[in-house]
Structures are given as C-alpha cells and as structure tokens.
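Here's the structure, in structure tokens; my notes come after.
The values are calculated or read from the model by the stated rules, or taken from the named source; none is laboratory data. Here the structure is a predicted model, which means the values were calculated and not measured. No Cβ is skipped: glycine too gets one built from the backbone with ideal geometry, and neighbour counts run over all protein chains shown. Keep in mind that these areas ignore ligands, DNA and RNA; they rest on the heavy atoms of the full protein, side chains included. Shrake-Rupley method; radii C 1.70, N 1.55, O 1.52, S 1.80 Å.
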Amino acid sequence: MSKPTPISGFPEWSPPQRMIEQYVLDRIRSTFELYGFAPLETRAVEPLEQLLRKGETSKEVYVIRRLQADAEGPAGDDSLGLHFDLTVPFARYVLENAGKLQFPFRRYQIQKVWRGERPQEGRYREFLQADIDIVDRDTLAPHHEAEMPLVVGDALRSLPIPPVRIQVNNRKICEGFYRGVGITDPEAALRAVDKLDKIGPAKVAELLAETAGASEAQAKAALALAEISAPDASFADAVRALGVTDPLLDEGIEELVRVVETAGEHAPGLCVADLRIARGLDYYTGTVYETQLVGYERFGSICSGGRYDNLASAGTVRFPGVGISIGVTRLLGLLFGAGALTVSRDVPTCVLVAVTSEEQRGASNRVAEALRSRGVPTEVSPSAAKFGKQIRYAERRGIPYVWFPGAEQDEVKDIRSGAQVPAEAGVWMPPEVDLKPLVG
C-alpha cells in the first residue's frame with residue numbers, strides 16, 4: 001500500500017486527544033441530562049429537498065450516491081445528502097413521530113455532521129456537535145428561549161476551558177427595525193448584517209444595497225442597530241433611542257430583555273445582548289445565540305442556535321422550537337492547536353501487572369481481573385521481560401503503578417515516587433486522583 005494522502009477537514013484525534021474528547025462529551029451529556037433533556041440520534045442522511053429548503057447551505061452539502069446504480073434497487077438514493085446540522089433532521093424526526101412524543105419535547109443529540117466548507121483552524125468538514133432543543137405543539141413559551149444559554153453556560157463552565165461569553169439577539173428586533181426604516185427585504189438584510197465581522201461595515205453597507213435594496217440612510221440605520229451591545233437590559237433604551245417604531249420590534253425587545261435578565265440572575269456576565277448577531281440560516285425567527293471563547297474571539301462562535309417557528313409543520317399543525325448547538329470538534333480543535341488542553345497520561349491504564357514468567361501469566365491475569373472488577377483500569381504486561389524493562393514500559397505509557405505478583409505476598413509500586421508496598425488485589429485501591437487520567 002502506498003503512503004496515504006491526508007484529507008483536510010476530517011480530523012483524527014490521537015488517543016490522548018480522544019480521551020479528552022470523551023471527558024468533554026461526558027460532562028456535556030451530564031449537564032444536558034441534569035436539565036431533563038433525553039438522548040436522541042437520527043440517521044446521517046436526509047432528502048436533499050429537506051436539506052436545501054432553508055438557508056444558504058447548498059454549496060456545503062455532501063451528496064450521497066451509489067458508485068454503481070442498481071436499476072432494480074430502491075429509488076431515491078441519488079437525492080440524499082449528509083446532514084450539515086442536527087436541527088433539520090430533528091425537525092423531520094418530530095414530524096414523523098409527533099403522535100408518540102410528549103410535548104414540550106426536550107432532547108439532546110451528540111452526533112457528527114458534514115459540511116463542505118474550506119477547512120481552516122477550528123473549521124472542519126466532518127465534526128461533532130452537541131445539540132439541545134425544546135419543541136412544542138402550536139406554541140412554545142418564550143421562557144424556553146431564556147433557558148438555552150443557562151444550560152450551555154453550565155455545560156461549558158464544567159469544563160477546564162477558558163470562560164465563554166454568550167452573545168444574544170432577537171431576529172424580531174432586526175426584522176422589525178428594518179421594516180420600520182423601510183427595508184423591503186428583511187431576510188436579505190439579516191444575511192448581510194450576519195457577515196459584519198467577516199467583511200466589515202463598509203462592505204455590509206454595499207451588500208445591503210445590492211441584496212436588500214437599502215438606501216444609504218437605511219443601511220446606516222441598520223449598521224447603527226448592529227453596533228448596540230450591553231451586558232444587561234439597557235440595550236433596549238439604546239434601540240429605542242434610534243427612533244424607529246414597529247410592533248415586531250417591540251415584541252423582540254421584550255423577549256430579549258427576558259433572556260438577558262434571566263441569564264444575569266443565573267450567572268452574571270454569562271450573556272451579553274449584541275445586536276449584530278443575526279445567524280445566517282433563514283429558519284430562525286426569534287432569539288439567536290452565538291458564543292465566544294474568551295481569548296479565541298478571532299475564530300468566531302463555538303456554540304450557536306436560536307428560536308425557530310416554521311421549520312417543522314404538518315398541515316395546520318406547527319411545532320415551534322428553540323435550540324442551541326456546541327461545536328465540540330471546533331472547540332477542541334482550537335484548544336488542541338493552542339496546547340491549552342492536556343491529559344495526565346496517554347492511556348486509561350492505572351496499573352500494569354507484571355509477569356514473572358510466561359508460565360505464571362495466569363496469576364497476573366487473575367490479579368488484573370480482581371482489580372478491574374472494582375473499577376481499576378488494568379492491563380497485563382505484554383512480555384515476561386526483566387522487571388526493569390516492564391517498569392520502563394509502564395513509564396513510557398504513563399502508567400503510574402506496577403503490580404508484582406509474589407509467591408506469598410503481592411506488592412505494588414508507584415513508579416513516580418518509587419514507593420513499593422504489600423498489597424492484595426481484592427482490597428487495594430489507588431488514590432482517586434490516579435484512578436483515571438485527569439484533563440486540564
């Protein structure tokens with residue numbers, strides 16, 4: 001086999017990095033369940049017509065087709081694509097299973113997604129997301145929009161990572177404001193403003209004119225709105241000071257005030273109202289969220305989402321929802337690249353059981369079984385080499401303890417300190433700090 005050519009955008013973490021990822025996922029999963037979200041996993045593919053129905057994602061969707069067409073096989077394989085997020089498949093799942101679900105339905109979903117964008121630091125073509133959503137039938141109480149940042153804030157604060165700042169906005173504020181100043185295509189204006197951090201205000205003003213038909217004065221007003229930011233409800237006064245009125249604008253201000261005040265009570269400093277946040281996908285209709293990792297702001301959001309009212313509907317029945325997604329691979333990729341996340345050893349193993357001779361390997365296996373039965377990660381030495389070589393094998397792998405079976409008394413050695421003591425496999429336990437690798 002010739003030397004493989006790497007494919008960019010499809011990360012393959014090393015075993016130590018994978019252990020860190022598993023630790024992060026366990027903490028996130030635990031927090032989601034503390035808030036009453038139940039696990040769900042959906043299929044990897046969706047019909048293209050569903051994937052392309054909303055937003056500017058057609059250029060990013062990976063299409064699925066068979067290499068050899070089967071004339072007698074099931075039809076429709078060529079119209080499938082890999083999901084680019086977990087919201088669209090979740091909406092489809094709700095529609096298919098509405099008769100079996102209890103509403104409001106709270107679920108979390110931790111899965112890979114695929115997006116054909118240009119790979120760069122923190123951006124991948126295959127990556128893991130951790131989503132939560134709350135969906136109800138016909139109407140969804142607005143207090144759920146205030147709950148989303150609390151859950152994510154708790155999940156991220158449980159990790160050994162830099163602090164996060166959740167930026168919140170409400171698309172009703174933007175749409176109502178644009179209507180109030182006379183912009184006739186609010187959705188196009190939202191997509192333009194969403195590019196503010198990438199292309200700057202001058203280019204956004206041009207884009208507003210080109211795509212939303214905004215005049216110079218209207219573009220100036222839209223940019224003035226986008227400049228408003230506050231860590232509390234004072235943003236509302238700044239919006240009203242711009243002198244624009246519209247019922248939808250008032251409704252959005254009220255909803256965003258509730259989100260900011262609720263977050264302030266739960267975790268002061270967690271949320272900031274930032275009216276430049278728009279989110280590019282068209283299905284968002286209310287509160288939207290983006291999350292900055294402090295010190296890594298230049299890389300953009302590591303967690304985002306929002307309220308959607310029209311993504312899932314069947315006839316006259318609607319299923320409005322609100323959700324937020326943690327870009328797990330994005331978060332980890334940034335921290336791995338900066339050397340900001342480490343693990344105390346490269347393997348889960350806490351104890352290496354030495355082998356005195358191949359004829360006595362059975363005795364070493366029995367020790368290992370006894371330790372494992374009490375939750376101590378244990379492996380048996382791969383060879384009956386001299387004890388010095390077996391100790392060096394443990395050192396290279398970062399295993400803290402070596403167990404020596406004896407004819408009358410076993411002994412265990414902490415190879416970091418050199419301390420060696422008598423021990424019984426049915427009783428001995430390592431200190432809690434050594435039982436599992438520590439992430440930090």
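When you scan the stretch 339-350, do you find a residue that is among the polar types (S, T, N, Q), in contact with an Asp or Glu (Cβ under 9 Å, 6 or more places away or on another chain) and touching a residue at least 40 places away in the same chain (Cβ under 8 Å), even just one? Step through it out loud before you land on a result.
Looking only at the stretch 339-350, we keep the residues that are among the polar types (S, T, N, Q), and these are 342, 344, 349.
Then drop every residue that is not in contact with an Asp or Glu (Cβ under 9 Å, 6 or more places away or on another chain), which leaves 344, 349.
Narrowing the set further to residues that are touching a residue at least 40 places away in the same chain (Cβ under 8 Å) leaves 344, 349.
There is at least one residue in the stretch 339-350 that is among the polar types (S, T, N, Q), in contact with an Asp or Glu (Cβ under 9 Å, 6 or more places away or on another chain) and touching a residue at least 40 places away in the same chain (Cβ under 8 Å).
Name the single residue that is modelled with the lowest pLDDT among those in the stretch 31-87 being assigned to a loop (DSSP other than H, G, I, E, B), of a type in the set (A, V, I, L, M) and open to solvent by less than 60 Å² (accessible area, probe 1.4 Å). It would help to see each step written out before you state the result.
Applying the first criterion (assigned to a loop (DSSP other than H, G, I, E, B)) to the stretch 31-87 yields 35-37, 40-44, 52-57, 61-62, 65-76, 83-86.
Then keep just the ones that are of a type in the set (A, V, I, L, M); that gives 40, 44, 52, 61, 67, 69, 71, 75, 86.
Narrowing further to those that are open to solvent by less than 60 Å² (accessible area, probe 1.4 Å): 40, 44, 61, 86.
Values: LEU40: 98, ALA44: 96, VAL61: 90, LEU86: 94.
Filtering first and then ranking leaves VAL61.
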request  = Being over 19 Å from ARG361 (Cβ atoms) and open to solvent by less than 80 Å² (accessible area, probe 1.4 Å) is the filter; apply it to the stretch 402-422 and report the residue that is farthest from the chain's Cα centre (by Cα).
outcome  = VAL421
ask   = What helices (runs of 4 or more DSSP H) completely inside the stretch 157-214 contain at least 2 residues that are in contact with a Gly (Cβ under 6 Å, 6 or more places away or on another chain)?
value = 171-181
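Quick one: in the stretch 249-261, which of the residues that are over 9 Å from PHE235 (Cβ atoms) and touching a Pro at 6+ places or on another chain (Cβ under 9 Å) is most open to solvent (accessible area, probe 1.4 Å)? Give the derivation first.
Just the residues of the stretch 249-261 that are over 9 Å from PHE235 (Cβ atoms), to begin with: 249-252, 254-255, 258-259, 261.
Next cut, touching a Pro at 6+ places or on another chain (Cβ under 9 Å) only: 254-255, 258-259.
Numbers: GLU254: 114, GLU255: 24, ARG258: 77, VAL259: 2 Å².
It comes out as GLU254.
Yes/no matrix, rows are residues, columns are (1) aromatic (Phe, Trp, Tyr); (2) touching a Phe, Trp or Tyr at 6+ places or on another chain (Cβ under 7 Å); (3) open to solvent by 20 Å² or more (accessible area, probe 1.4 Å); (4) within 21 Å of ASP136 (Cβ to Cβ):
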| site | (1), (2), (3), (4) |
| --- | --- |
| ALA263 | no, no, no, no |
| TYR289 | yes, no, no, yes |
| LEU293 | no, no, no, no |
| GLY305 | no, yes, no, yes |
task = Please give the number of the condition ALA407 fails out of (1) touching a Phe, Trp or Tyr at 6+ places or on another chain (Cβ under 7 Å); (2) at pLDDT below 95.
result = (1)
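Every residue, every condition in (1) open to solvent by less than 60 Å² (accessible area, probe 1.4 Å); (2) out of contact with any Cys (no Cβ under 9 Å at 6 or more places or on another chain); (3) outside any helix (DSSP H, G or I), yes or no:
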{"position": "THR356", "(1), (2), (3)": "no, yes, yes"}
{"position": "SER364", "(1), (2), (3)": "yes, yes, no"}
{"position": "ALA368", "(1), (2), (3)": "yes, yes, no"}
{"position": "ARG372", "(1), (2), (3)": "no, yes, no"}
{"position": "GLY375", "(1), (2), (3)": "yes, yes, yes"}
{"position": "PRO382", "(1), (2), (3)": "no, yes, yes"}
{"position": "ALA385", "(1), (2), (3)": "yes, yes, yes"}
{"position": "ILE391", "(1), (2), (3)": "yes, yes, no"}
{"position": "ALA394", "(1), (2), (3)": "yes, yes, no"}
